[in-house]
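Peer 1: First, the structure itself, so that you have it in front of you.
The values are calculated or read from the model by the stated rules, or taken from the named source; none is laboratory data. Quantities reported herein were computed from a predicted structural model and do not represent experimental measurements. Virtual Cβ from ideal backbone geometry, glycine too; neighbours counted across all protein chains shown.
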Amino acid sequence: MNKGNTATRQDAPQKDPEQHLEELRKNCLSCKRCNLRSGCRQVVFGDGNPRARLMLIGEGPGADEDRIGIPFVGRAGRLLDRILASVNIERKEIYIANVIKCRPPGNRLPFQSEIDECLPYLKEQIEVINPQIILCLGALSMRTLIDKNASITRNRGRWHEAGGRRFMATFHPAALLRDPGKKRDVWEDFKDIMKNYHDHGGSGQ
């Protein structure tokens, strides 16, 4: 487990989560730690229930997310919504964010230096929201939060524990659009997520 990059679960956040997230969002909107902000339309901070027990973390904004300002609103996002509905989880119950908040040029993968600059925002989001379960969508999210040397093909669907939280990784919805053969694996992963999510009380505190 990549413990150095994992936020520890706190039993009692000191601030109201909504207020804390709004303060963090404002800080993030004015961020110029790397050059990505100068090349994107807007910062895509995150979306969902600030007291969610389940948090989904993708890689970074695409063109639709950059235009609208909300994560997972393009084709991959619509597929994700259908996957969530199939396991009886409503998007409004959970919280969705990305490893990086600004779209890289041409939808390229972010450089490690860009991840390092943006990661403190995500770690603070995790601490404030305080989820019991985190699902990493895609290899970059998995390597950032679970294991920097992990392979999404070999390690998806496995549970990892750190800091009082449970982590799992699965294929990014965009990968399913490119290769529908991966849908069965993702369906099995989400069934396991659903079982653990509902076993822990569902939608939140």
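Peer 1: Could you pull out the residue among Leu80, Leu56 that is part of a helix (DSSP H, G or I), among the aliphatic types (A, V, I, L, M) and in contact with a helix residue (DSSP H, G or I) (Cβ under 9 Å, 6 or more places away or on another chain)?
Peer 2: On the way: Leu56 fails: part of a helix (DSSP H, G or I).
Sole residue among the options that is part of a helix (DSSP H, G or I), among the aliphatic types (A, V, I, L, M) and in contact with a helix residue (DSSP H, G or I) (Cβ under 9 Å, 6 or more places away or on another chain): Leu80.
Peer 1: When you look at Pro110, is it under 16 Å from the mean Cα position of the chain (by Cα), at pLDDT below 95, surrounded by 19 or more Cβ atoms within 10 Å (Cβ to Cβ) and not in a strand (DSSP E or B), yes or no?
Peer 2: Working: under 16 Å from the mean Cα position of the chain (by Cα): yes; at pLDDT below 95: yes; surrounded by 19 or more Cβ atoms within 10 Å (Cβ to Cβ): yes; not in a strand (DSSP E or B): yes.
Taking the combined requirement at face value, the residue satisfies it.
Peer 1: Pull out all pairs, ordered by first then second residue, where Cβ-Cβ is under 6 Å, the residues are six or more apart or on different chains, the first lies in segment 20-36 and is in a helix (DSSP H, G or I), and the second is hydroxyl-bearing (Ser, Thr, Tyr) and surrounded by 13 or more Cβ atoms within 10 Å (Cβ to Cβ).
Peer 2: Final answer for the pair search is Cys28/Tyr121.
Every residue, every condition in (1) assigned to a strand (DSSP E or B); (2) of a type outside the set (S, T, N, Q); (3) surrounded by fewer than 15 Cβ atoms within 10 Å (Cβ to Cβ), yes or no:
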residue: Ser141; (1), (2), (3): no, no, no
residue: Thr144; (1), (2), (3): no, no, no
residue: Arg154; (1), (2), (3): no, yes, yes
residue: Arg166; (1), (2), (3): yes, yes, no
residue: Lys182; (1), (2), (3): no, yes, no
residue: Val186; (1), (2), (3): no, yes, no
residue: Asp192; (1), (2), (3): no, yes, no
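Peer 1: Surrounded by fewer than 16 Cβ atoms within 10 Å (Cβ to Cβ), small (Gly, Ala, Ser) and either under 14 Å from the mean Cα position of the chain (by Cα) or over 13 Å from Glu59 (Cβ atoms) (or both): which single residue out of Ala85, Ala76 fits that description? Explain how you work it out, then say what you get.
Peer 2: Values: Ala76 fails: surrounded by fewer than 16 Cβ atoms within 10 Å (Cβ to Cβ).
The conditions single out Ala85.
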